[in-house]
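Everything on this sheet refers to the single structure shown next.
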Amino acid sequence: MGSTTAENDNGAEDIGATGPEGVGRRDLIKRSAALGLITVPTMSFLSACASSGGDGEEKAEAGEKTAKNPLAVNDSARMEFVLFDGGFGKEYAEDAVKIYEKNFPKASVKFSATQKIQSTLQPRFNQGTPPDLIDNSGAEQMDMGVLVGKNQLADLTPLLDAPSYDDADKKVRDTLRPGIVEMGQFDGDPVWIMYYAYTVYGVWYSRKALDSLDEQYPETWDQMLTVCEKAKKKGMAGWTYAGKYPYYIPFSLYPMIAKVGGREVLDSIDNLEPNAWKNPAVKACFDAYYELYQKGYILKGTPGLDHIQSQTAWAEGKALFIPNGSWVENESAKVIPSDFDLAVSAPTGLDSSDKMPFGTIWASGGEPFIVPAKAKNGAGGMEQLRIMLSEASSRNFTSKVKSLTAYNGGTDGITLTPGLESGVAALEKAGDNVVNPRIQDWYVQLQKEQIGVAGLGEMMAGRLTPAEAIKKIQGFADAAAKDSSIKHYKHQ
């Protein structure tokens, strides 16, 4: 998933929300659009922006290609880097920029961080003057599918084929975690996106709270209901979630669907295949989640909570489980008690008839970095990424923000925090049973506003039955499949 996040003074990582005005006009407009009440030309505006050009300044001339400068960066050219200011903060990026400045002392670097990626950068894409490197994340993430479809991104293959920062005998691509390169591809070989963080999605909880119920993490849905009933009797809700941004729910729901019906069910959903959402596995999982609502196991008021509020309530012990990504440990660090003993688990399944074993989990790249095709110093943007994909920068990121990176390593010598240690253990348990739904990368509006808000959000608030939610979501998917203005992608 790439990434999406709520805008908030506290920041957020890569998956969801709105601006500091909270449930203000913009939020209401987005919700109304998601519910089909009004039309907001989000996609068409971005398409127009992405397809437009501009004169702008001349591109920087190539520098001298050397062993220390394999991308031939112009050592005196200006390099501009815009970061999404979310749950990971900006210190890790600032540290990497200092290395760039040290390596190219004659160059000037303009670094900035914002939560308003789309509104800040769309006009610059339109004018043909985009920055050289962008962390395209957050609630205002620009639609990757549109950017790729309109040829607005540079192919990062030169970066991937360059010598790695630490070992000239290894290419950058050979130092990355499995799946990272493939995630950045849409059609064929070009790689348009470098996902820097490596996110483990799942069900997050306090081991201390679960121990207080004398329970283990539930592997079947009957066990889940038993645990939630025990919690309810002790005055604790079983679940909460980011009610205002219910596209967090898929972090545990999607891998559950794969566990029950097989990973091919998620592939068919990604491919916008007819009736993909009508697969029995989807219905079974929707029914299971709806049962949490029906039995009163959802924290009261959850549909009105944003991601920070739901995480805070969960950290305060008001709810046992929350679907989230591994950024939650850093994002909620100020409210998670020292004895919380944070852990993550792969989603609970239905029963022994599930197609995939317990431990099946969603893990993938997060925090998507892009180099615009019209960047004036694209080589500089790629070199900044090469620096960030070094062992030292990776270790710095992991130690500061409690998350893994795309670099396959960088944890040696670091005392892993409880959540990070649990995430690593969950990946080890999953083995090959790691799924990576692409719908959130390929069709951002469909995933967030339609499936998330108008479908799952309405169902979990009790305003739609599972059957009604599935019918509605299938309609959204069918409309997207038939929309000729949208570039369509399929699993190869």
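So that you can scan it fast, the table gives a plain yes or no per residue for (1) modelled with pLDDT of 95 or more; (2) within 29 Å of A281 (Cα to Cα); (3) among the aliphatic types (A, V, I, L, M):
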residue	(1), (2), (3)
G380	yes, no, no
L385	yes, no, yes
T415	no, no, no
V424	no, yes, yes
V453	yes, yes, yes
P466	yes, yes, no
K472	yes, yes, no
G475	yes, yes, no
Q492	no, yes, no
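Elements of the type helices (runs of 4 or more DSSP H) sitting completely within segment 169-262 and holding at least 1 residues that are under 23 Å from Q141 (Cα atoms): these cover 180-183, 250-261. For segment 476-485, check the following and say yes or no: at least one residue is assigned to a loop (DSSP other than H, G, I, E, B) and buried (at least 17 other Cβ atoms within 10 Å of the Cβ). No, there is no match, as no residue in segment 476-485 is assigned to a loop (DSSP other than H, G, I, E, B) and buried (at least 17 other Cβ atoms within 10 Å of the Cβ). Just one of the numbered conditions (1) surrounded by fewer than 18 Cβ atoms within 10 Å (Cβ to Cβ); (2) modelled with pLDDT under 95; (3) of a type in the set (A, V, I, L, M, F, W, C) is not true of A72: (2). Looking across segment 392-412, the residues that are in a helix (DSSP H, G or I) and surrounded by fewer than 19 Cβ atoms within 10 Å (Cβ to Cβ) come down to A392, R395, S399, K400. Per this entry, K471 is counted among residues that are without any contact (Cβ under 8 Å) to a residue 60 or more places away in the chain and part of a helix (DSSP H, G or I). The set of residues in segment 309-340 being part of a helix (DSSP H, G or I), open to solvent by 20 Å² or more (accessible area, probe 1.4 Å), modelled with pLDDT under 95 and not acidic (D, E) consists of N330 alone. Report every pair of residues separated by at least 6 positions or lying on different chains whose Cβ atoms are under 7 Å apart, first residue within segment 117-134 and free of Cβ contacts under 8 Å to residues at least 40 places away in the same chain, second in a strand (DSSP E or B) and buried (at least 24 other Cβ atoms within 10 Å of the Cβ). Final answer for the pair search is I117/F84; L121/I134. Taking the stated definitions as given, is V203 free of Cβ contacts under 8 Å to residues at least 24 places away in the same chain and open to solvent by less than 30 Å² (accessible area, probe 1.4 Å)? When the stated conditions are applied, V203 does not pass them.
In segment 377-391, how many residues are in contact with a Lys or Arg (Cβ under 9 Å, 6 or more places away or on another chain) and not in a loop (DSSP other than H, G, I, E, B)? Looking only at that region, the number is 2.
I'd like to check something: does segment 298-307 contain any residue that is closer than 23 Å to K400 by Cα and either at pLDDT below 95 or open to solvent by less than 10 Å² (accessible area, probe 1.4 Å) (or both)? Yes, segment 298-307 contains at least one residue that is closer than 23 Å to K400 by Cα and either at pLDDT below 95 or open to solvent by less than 10 Å² (accessible area, probe 1.4 Å) (or both). Please tell me if K355 is modelled with pLDDT of 95 or more, assigned to a loop (DSSP other than H, G, I, E, B) and within 25 Å of V148 (Cβ to Cβ). No: the conditions fail for K355.
Report, by residue number, each residue of segment 366-384 that is surrounded by 24 or more Cβ atoms within 10 Å (Cβ to Cβ) and either among the hydrophobic types (A, V, I, L, M, F, W, C) or within 22 Å of A333 (Cα to Cα) (or both). Within segment 366-384, G366, E367, F369, I370, V371, A375, A379, M382 qualify. V265 meets the conditions (1) open to solvent by 10 Å² or more (accessible area, probe 1.4 Å); (2) among the aliphatic types (A, V, I, L, M); (3) without any contact (Cβ under 8 Å) to a residue 24 or more places away in the chain in every case but one. The failed one is (1). Just give me the residues in segment 341-352 being touching a Gly at 6+ places or on another chain (Cβ under 7 Å) and either open to solvent by 30 Å² or more (accessible area, probe 1.4 Å) or assigned to a loop (DSSP other than H, G, I, E, B) (or both), in sequence order. Once the filter is applied, which keeps residues that are touching a Gly at 6+ places or on another chain (Cβ under 7 Å) and either open to solvent by 30 Å² or more (accessible area, probe 1.4 Å) or assigned to a loop (DSSP other than H, G, I, E, B) (or both), segment 341-352 yields A346, P347. Being within 25 Å of G410 (Cβ to Cβ), surrounded by 22 or more Cβ atoms within 10 Å (Cβ to Cβ), in the same structural domain as G378 (by TED's automatic domain parsing) and under 26 Å from the mean Cα position of the chain (by Cα) is a property that D174 lacks.
Just so you know, in segment 104-138 the residues that are over 20 Å from the mean Cα position of the chain (by Cα), among the polar types (S, T, N, Q) and assigned to a loop (DSSP other than H, G, I, E, B) include one that is nearest to G378 (Cα to Cα), and it is T129. Does T240 satisfy the condition of being more than 23 Å from D441 (Cβ to Cβ), open to solvent by less than 20 Å² (accessible area, probe 1.4 Å) and touching a Gly at 6+ places or on another chain (Cβ under 6 Å)? So T240 fails the test. The set of residues from segment 426-448 being open to solvent by 30 Å² or more (accessible area, probe 1.4 Å), in a helix (DSSP H, G or I) and in contact (Cβ under 8 Å) with a residue 12 or more places away in the chain comprises L427, K429, Q445. Restricting the search to segment 268-288, which residues are open to solvent by less than 10 Å² (accessible area, probe 1.4 Å) and touching a Pro at 6+ places or on another chain (Cβ under 8 Å)? Listed by number, the residues that qualify are I269, D270, F286.
The values are calculated or read from the model by the stated rules, or taken from the named source; none is laboratory data. From a predicted model like this one, the values you see are computed outputs, not experimental measurements. All Cβ positions, even for glycine, are placed from backbone atoms using ideal geometry, and neighbour counts span all protein chains on display. In case anyone asks, the SASA skips ligands and DNA or RNA and just uses the protein heavy atoms, side chains included. Shrake-Rupley method; radii C 1.70, N 1.55, O 1.52, S 1.80 Å.
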